[in-house]
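Okay, structure first, notes after.
The values are calculated or read from the model by the stated rules, or taken from the named source; none is laboratory data. All values derive from a computational prediction rather than experimental measurement. Cβ placement follows ideal geometry from the backbone for every residue including glycine, while neighbour counts extend to all protein chains displayed.
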Amino acid sequence: MEITGKIDEVRRKVKEWRKQGLSVGLVPTMGFLHEGHKSLIVRAAAENDRVVVSDFVNPIQFGVNEDLATYPRDIEADKKLCEEAGAALIFHPEVEEMYAPDFSTYVEMQKVSEGLCGKTRPTHFRGVCTVVCKLFHIVMPDRAYFGQKDAQQLAVIRRMVRDLNMDIQIVACPIVREEDGLAKSSRNTYLNEEERKAALVLSKAVFLGEEMMQDGERDAETILKAMRQMIEAEPLAKMDYVEMVDADTIEPLVRAEGRVLTAMAVYIGTTRLIDNFIMEV
Ligand code: PAF
């Protein structure tokens, strides 16, 4: 496995692979990799001849008061995990390599990026789309792998790929959870012991909603009310949103019908965590 911070070097490597007729998978990450990322890399390695992992904390997807400065980083641990998972190349650029000082071109999306996380983080998906678009142009993969935990991000990226005719297959991978249910996230590292316990309220609310739908409940408000009540009962939790939307358009639903995404963002102390479930009804 190799690691480079240079765009030209990634391009040179990928061209070499292409000449040999090899397929290429991309796993875009912001580093501080965990089992969730590992599952993406393992899947990409099973479905492609070569896998590139990008490891880049993308400044333009953080709002002014968000955690860019404190976002956890550990490139040595990331290298080990990537190697074990079967990656061929890590792309780990400096900010200057990705963004010229006079950088001024952004990918903006309407609607799909505006609800849920887009309400609290109004510039987030513009930053995500822009960097993912850049990564797609740099690596030119056959397939790109994203976690279902960021369900809105997946919908946004799928829409970008469709709207801008990018010839890349987007592969969604299931949420990976800790044994007690908490969805794996690089941000879990911010939680102290007490908050870590309180954070279980997210997965508990997800499981409750899932169970209600499995039992045949279809009224969005009934399901959301039960989930919200559960979150409100946890003293360390502050709800950002709990919503039921169409998984592709992110438009709110009053009844659970079609591909239904029930998603939440909850602050545990100052840490904002997300979780969700998708059900075909
Ligand atoms: O999901 C993430 O870690 C990031 O949003 C991504 C897709 C790597 C873009 O920076």
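For segment 139-158, which positions are among the small types (Gly, Ala, Ser), within 10 Å of the ligand (Cβ to nearest atom) and within 8 Å of the chain's Cα centre (by Cα)?
Gly147, the sole residue that qualifies.
Would you please list the contacts, defined by Cβ atoms under 6 Å and residues six or more apart or on different chains, that run from a residue in segment 27-44 that is modelled with pLDDT under 95 to a residue that is near the ligand (Cβ under 10 Å from one of its atoms) and in a loop (DSSP other than H, G, I, E, B)?
none
Just the residues that are within 12 Å of the ligand (Cβ to nearest atom) and either outside any loop (DSSP other than H, G, I, E, B) or crowded, with 21+ Cβ neighbours inside 10 Å (or both), please, taken from segment 57-77.
The answer is Asn58, Pro59, Ile60, Gln61.
When you check Phe146 against the structure, is it aromatic (Phe, Trp, Tyr) and surrounded by fewer than 20 Cβ atoms within 10 Å (Cβ to Cβ), yes or no?
The answer is no for Phe146.
Of all residues being over 23 Å from the mean Cα position of the chain (by Cα) and part of a helix (DSSP H, G or I) in segment 209-223, which is nearest to Phe32 (Cα to Cα)? Just the residue, please.
Glu211
Suppose we keep only residues that are within 14 Å of the ligand (Cβ to nearest atom) and charged (D, E, K, R) within segment 34-56. Which one would you say is surrounded by the most Cβ atoms within 10 Å (Cβ to Cβ)?
Restricting to residues being within 14 Å of the ligand (Cβ to nearest atom) and charged (D, E, K, R), the top hit is Asp55.
Of all the residues that make up segment 224-272, how many are surrounded by fewer than 22 Cβ atoms within 10 Å (Cβ to Cβ), polar (S, T, N, Q) and under 18 Å from the mean Cα position of the chain (by Cα)?
Here the count works out to 2.
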